[in-house]
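Novice: Encoded as structure tokens, here's the structure I'll be asking about.
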Amino acid sequence: MASRNEKLDLAARAAWMYYVAGNTQNEIADHLGISRQMAQRLVAYARESGLVKVRVEHPVSSCLELAAALQQRYGLEQCYVVPSEGAGDSVVDDAGVQQMLAVVGAEVMERYLQQETPLVVNVGSGRTLKAALEAVTEMERPQHRIVSMVGAIAADGSSNRYDVALTAADKIQARFFFLPAPLVADNAEDMRQWCSHRVYRIVADLAQQADVTFIGVGTIAPGCPMHVDGFITAEEVAQLQAHGAVGEMIGHAIAGDGRLIASPLEERVTSLPLTSPPARPVIGMAGGAKKAEAIRAVLRGGWWSGLITDEYCARYALQDE
């Protein structure tokens with residue numbers, strides 16, 4: 001722990017010299033008595049560790065207008081729209097969008113996590129959510145309880161790397177509660193056995209008390225994460241699409257009109273159940289052109305009370321079919 005603290009201290013010094021004092025990486029290397037390559041790595045480490053926060057104070061008016069329109073159309077309590085990298089019919093840079101979503105997502109999460117009052121916080125899964133959690137400032141909030149909404153076991157028996165709740169717990173030094181089950185069970189009877197386990201029920205009951213939920217949405221299409229990572233087969237992807245699936249939340253497939261899809265796969269998913277409309281804040285984080293249809297479906301279903309997305313997806317969600 002001491003070596004990590006020393007590295008953070010040195011990274012913070014390098015970040016101050018680079019971002020505030022305006023020193024070059026060569027100057028930082030000379031001042032700290034290190035190589036230029038080490039100075040470069042320290043500045044990058046400072047960004048990755050959340051020591052450096054980049055904020056743009058002037059809001060983009062089109063993003064504000066889109067956020068207000070989404071709130072009115074879908075009855076959202078809160079909505080944030082970031083710029084898309086690209087305009088019109090040009091290609092949207094999903095990687096750049098995800099980074100911008102992560103910055104805003106971290107700010108929103110910190111408003112809840114910084115509270116002194118003990119909270120139960122549900123956390124879903126997904127790359128955008130993971131990136132946002134990694135951008136959250138480290139703090140000491142041991143009074144909070146972080147609950148994972150997805151099974152902690154991957155298809156091959158290893159840890160499910162998309163179960164990002166542990167990242168949140170580590171960031172704020174809080175207790176972490178995970179679902180002792182695979183994301184997708186072998187069959188319906190197996191799912192019932194997993195979900196009836198005493199420990200599973202304890203975690204599920206705690207999740208019902210959540211003060212806030214942070215969640216993402218995935219696509220259902222050939223090459224989607226659930227398929228690539230081995231949770232479902234190509235045949236199951238095709239089956240879900242035949243049922244009208246355009247996306248999924250923590251493994252639960254949703255149709256274009258926002259309804260949950262009753263399918264053989266749904267009978268095997270062990271993730272916590274979803275409620276529409278949510279009784280407490282449920283904030284979705286997702287963006288990029290590939291997610292546009294799935295995001296609109298979730299909004300139509302009334303599954304979220306808050307949204308963090310990008311311009312492209314916001315405009316798509318406001319289109320009339």
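Novice: Name the residue, out of L32, L76, that is at pLDDT 85 or above, crowded, with 17+ Cβ neighbours inside 10 Å and not acidic (D, E).
Specialist: L76
Novice: Then there's this: Could you tell me which numbered condition R259 fails, if it satisfies all but one of (1) at positive phi; (2) surrounded by fewer than 22 Cβ atoms within 10 Å (Cβ to Cβ)?
Specialist: So the condition that R259 fails would be (1).
Novice: From the list G301, G287, which residue is buried (at least 24 other Cβ atoms within 10 Å of the Cβ) and either of a type in the set (G, A, S) or closer than 26 Å to W194 by Cβ (or both)?
Specialist: Within the list G301, G287, the selection yields G287.
Novice: Look through segment 42-73, keep the residues that are in a helix (DSSP H, G or I) and of a type in the set (D, E, K, R), and return whichever of them is modelled with the highest pLDDT.
Specialist: The extreme case among them is R73.
Novice: If we keep just the residues of segment 240-253 that are assigned to a loop (DSSP other than H, G, I, E, B) and of a type in the set (G, A, S), which is farthest from G124 (Cα to Cα)?
Specialist: Looking at residues that are assigned to a loop (DSSP other than H, G, I, E, B) and of a type in the set (G, A, S), I get G244.
Novice: Among (1) surrounded by fewer than 23 Cβ atoms within 10 Å (Cβ to Cβ); (2) of a type in the set (D, E, K, R); (3) under 21 Å from P273 (Cβ atoms), there is one condition E140 misses while meeting the rest; what is its number?
Specialist: Single failed check for E140: (3).
Novice: Sticking with this structure for a sec: Return the residues of segment 162-193 that are open to solvent by 80 Å² or more (accessible area, probe 1.4 Å) and either touching a residue at least 24 places away in the same chain (Cβ under 8 Å) or closer than 20 Å to A262 by Cβ (or both); say none if nothing qualifies.
Specialist: Q173, R175, F178, D186, E189, R192
Novice: Further question: Enumerate the pairs (first residue in segment 221-236 and under 19 Å from G157 (Cβ atoms); second residue anywhere and at pLDDT 90 or above and open to solvent by 40 Å² or more (accessible area, probe 1.4 Å)) with beta-carbon separation below 7 Å, excluding pairs fewer than 6 apart on the same chain, so at least 6 apart or on different chains.
Specialist: What qualifies is H227/A234.
Novice: Does E267 satisfy the condition of being closer than 20 Å to C195 by Cβ, outside any strand (DSSP E or B) and of a type in the set (D, E, K, R)?
Specialist: So E267 fits the description; yes.
Rundown of residues vs (1) over 23 Å from A289 (Cβ atoms); (2) at pLDDT 95 or above, yes/no style:
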position: R201; (1), (2): yes, yes
position: Q209; (1), (2): yes, yes
position: P222; (1), (2): no, no
position: E267; (1), (2): yes, no
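Novice: Right, another one. Return only the number of the condition from (1) at pLDDT 95 or above; (2) in a helix (DSSP H, G or I); (3) over 27 Å from R73 (Cβ atoms); (4) not hydroxyl-bearing (S, T, Y) that V237 does not satisfy.
Specialist: Result: V237 passes all but (1).
Novice: While we're looking at this one, here's another question. For segment 144-157, what are the residues that are of a type outside the set (G, A, S), open to solvent by 50 Å² or more (accessible area, probe 1.4 Å) and either within 21 Å of V104 (Cα to Cα) or out of contact with any strand residue (DSSP E or B) (no Cβ under 6 Å at 6 or more places or on another chain) (or both)?
Specialist: If the condition is that a residue be of a type outside the set (G, A, S), open to solvent by 50 Å² or more (accessible area, probe 1.4 Å) and either within 21 Å of V104 (Cα to Cα) or out of contact with any strand residue (DSSP E or B) (no Cβ under 6 Å at 6 or more places or on another chain) (or both), then D156 is the only one that fits.
Novice: Considering only segment 1-29, state which residues are of a type in the set (K, R) and either under 28 Å from V108 (Cβ atoms) or modelled with pLDDT of 90 or more (or both).
Specialist: Hit for segment 1-29 is R4, nothing else.
The values are calculated or read from the model by the stated rules, or taken from the named source; none is laboratory data. It should be emphasised that the depicted structure is a prediction, and the values quoted were computed from it without experimental measurement. Virtual Cβ from ideal backbone geometry, glycine too; neighbours counted across all protein chains shown. Just so you know, the surface numbers come from the protein's heavy atoms only, side chains and all, with ligands and any DNA or RNA stripped out. Shrake-Rupley method; radii C 1.70, N 1.55, O 1.52, S 1.80 Å.
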